[in-house]
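*Asks:* Attaching a single structure in structure tokens format; questions to follow.
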Amino acid sequence: MAWNEPGGGNKDPWSGKSGGGGESGPPDLDEVVRKLQEKLGGLFGGNRPGGNKSGGGGGGFNLPTGNLGKPAVAIVLGAVLLVWLATGTYIIAPAERGVVLRFGKYVDTTDPGLNWHIPYPIESVEKVNVDEVSSFSHQAAMLTKDENIVDVELTVQSRIQDAAQFLFQDQNPEGTLKDATETVVRKTIGGSKLDFILTEGRGAIAITIQERVQELMNLYKTGLLVTSINMQPAKPPDQVKEAFDDAIKAREDKERSENQAETYSNQVLPQARGEAARIIADAKAYRDKVVAESEGEAARFSAVLAEYKKAPEVTRERLYLDTMEKVLSGTNKIVLDTQEGSNSMMYLPLDQLVRQRQTVAEPQQPLIVSPVETEARPGTARPVDRDRRARQ
């Protein structure tokens, strides 16, 4: 019968004896060890004495000599030691880190897998989930650099980076993160203008806030890593929202006008550049033409000079005639040169003169009569002998 089983009479759960009014107390330790030795002695081949009855009525096994008692105790103690050491084995999940404490003092941080530590009460292990992401929202009305009020709302996400620092360096890491976020947000928004916050500066401000908050977390050794900060579009207070909407529309109109002007500039500038390039090319061609003509004239003059040095009179006469031909080629007058006392009759090509007046665009060759020439060129006047006409 169990010692706590209800029934009449006092029963000793250790010795099996009962007594009516006998003294009850704790079991005898020597008796317990003796019974354990008897059982172990039977397992290791001890003699079974006869006629020895225990108080419970069952036959026991006693060690025959004292030499086998010490190894049995050593085995028992070794088994107990192995079981105690086995309790120091533990497994860390992939998302966890194990923080080993020796008499309450931090010793080491273990990685995922099968690990071992000195069993309790010498060392203990606290498992920390480092992959769990925690988040919180922060919303407040703040003053900008240009003395405007803006409502800012953002969400901060973080996880544990260093398990030991998270447990022992800061008493309240989450509260420190919230306080640091509020401080950094006010500092960043207070150093930015409202237009920058409302338009293109939202992404840059979120990155700046994340970097500054992480610097504070590292400074305070909270063991937290700020993974992301999502900043919602900032908005002005409701009292001045209409005025800000008008300002935003005006800004959009400005950007649209600038885009149209840039488009027109992109269309006109290539044409202007092409026209300028064409003019420059024409000017270079004209320059090359003038230079070439000048060089040709200079070369021709040098050739004439060489001939003039050889025969000055002939060259002078030829130059005079060529010059007069060029000068008189554009006039419709006829120049007659006759000798004194000459009775020659001049033949004037009147039909050619009339045709020359009608076709001004094509000037006729000048009519020059020289007394030296005996045969005039076609279309020019030539002298006629008066005696010959009289004979005819």
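*Asks:* Is the range 312-334 home to any residue that is polar (S, T, N, Q), open to solvent by 70 Å² or more (accessible area, probe 1.4 Å) and touching a residue at least 40 places away in the same chain (Cβ under 8 Å)?
*Replies:* So far as the range 312-334 goes, no, none of its residues is polar (S, T, N, Q), open to solvent by 70 Å² or more (accessible area, probe 1.4 Å) and touching a residue at least 40 places away in the same chain (Cβ under 8 Å).
*Asks:* Also: Exactly one condition in (1) in contact (Cβ under 8 Å) with a residue 40 or more places away in the chain; (2) over 30 Å from ASP108 (Cα atoms); (3) in a loop (DSSP other than H, G, I, E, B) is false for GLU200; which is it?
*Replies:* Among (1) in contact (Cβ under 8 Å) with a residue 40 or more places away in the chain; (2) over 30 Å from ASP108 (Cα atoms); (3) in a loop (DSSP other than H, G, I, E, B), GLU200 violates only (1).
*Asks:* Which condition from (1) under 30 Å from LEU198 (Cβ atoms); (2) open to solvent by less than 90 Å² (accessible area, probe 1.4 Å) is the one that GLN139 breaks?
*Replies:* (2)
*Asks:* Further question on the same structure: Could you grab me the full set of residues in the range 128-149 that are free of Cβ contacts under 8 Å to residues at least 60 places away in the same chain, over 20 Å from ILE91 (Cα atoms) and assigned to a strand (DSSP E or B)?
*Replies:* Within the range 128-149, SER134, SER135, PHE136, SER137, HIS138, GLN139, ALA140, MET142, LEU143 meet the criteria.
*Asks:* Can LEU114 be described as open to solvent by 50 Å² or more (accessible area, probe 1.4 Å), out of contact with any Gly (no Cβ under 9 Å at 6 or more places or on another chain) and at pLDDT 85 or above?
*Replies:* Taking the combined requirement at face value, the residue satisfies it.
*Asks:* Go over the candidates GLU255, GLU211 one by one and state the one that is farther than 30 Å from SER158 by Cα and either open to solvent by less than 40 Å² (accessible area, probe 1.4 Å) or under 28 Å from the mean Cα position of the chain (by Cα) (or both).
*Replies:* The unique qualifying residue is GLU255.
*Asks:* In the set ILE160, ILE189, which member is among the β-branched types (Val, Ile, Thr) and either more than 16 Å from ALA141 (Cα to Cα) or at pLDDT below 90 (or both)?
*Replies:* ILE160
*Asks:* Out of the range 226-249, which residues are within 30 Å of the chain's Cα centre (by Cα) and over 27 Å from ILE209 (Cα atoms)?
*Replies:* Answer for the range 226-249, where residues must be within 30 Å of the chain's Cα centre (by Cα) and over 27 Å from ILE209 (Cα atoms): just LYS249.
*Asks:* Give the residue, chosen from VAL125, VAL152, that is surrounded by 13 or more Cβ atoms within 10 Å (Cβ to Cβ), part of a strand (DSSP E or B) and in contact with a Leu (Cβ under 9 Å, 6 or more places away or on another chain).
*Replies:* VAL125 is the lone residue from the list that is surrounded by 13 or more Cβ atoms within 10 Å (Cβ to Cβ), part of a strand (DSSP E or B) and in contact with a Leu (Cβ under 9 Å, 6 or more places away or on another chain).
*Asks:* Going by the conditions given, is ILE197 at pLDDT 90 or above, open to solvent by less than 30 Å² (accessible area, probe 1.4 Å) and of a type outside the set (D, E, K, R)?
*Replies:* For ILE197, the condition - at pLDDT 90 or above, open to solvent by less than 30 Å² (accessible area, probe 1.4 Å) and of a type outside the set (D, E, K, R) - is not met.
*Asks:* In the range 215-251, how many residues are in a helix (DSSP H, G or I) and open to solvent by less than 30 Å² (accessible area, probe 1.4 Å)?
*Replies:* 1
*Asks:* Please work out if ASP238 is under 25 Å from GLU153 (Cα atoms) and free of Cβ contacts under 8 Å to residues at least 24 places away in the same chain.
*Replies:* Here the answer is yes, as ASP238 does meet what is asked.
*Asks:* If you go through the range 172-184 one residue at a time, do you hit one that is surrounded by 14 or more Cβ atoms within 10 Å (Cβ to Cβ) and outside any helix (DSSP H, G or I)?
*Replies:* There is no residue in the range 172-184 that is surrounded by 14 or more Cβ atoms within 10 Å (Cβ to Cβ) and outside any helix (DSSP H, G or I).
The values are calculated or read from the model by the stated rules, or taken from the named source; none is laboratory data. Computed from a predicted structure; not experimentally measured. Using ideal geometry, Cβ is built from the backbone for each residue, glycine included, and neighbour counts are taken over all protein chains shown. Remember, those area values only see protein heavy atoms, side chains included, never the ligands or the DNA or RNA. Shrake-Rupley method; radii C 1.70, N 1.55, O 1.52, S 1.80 Å.
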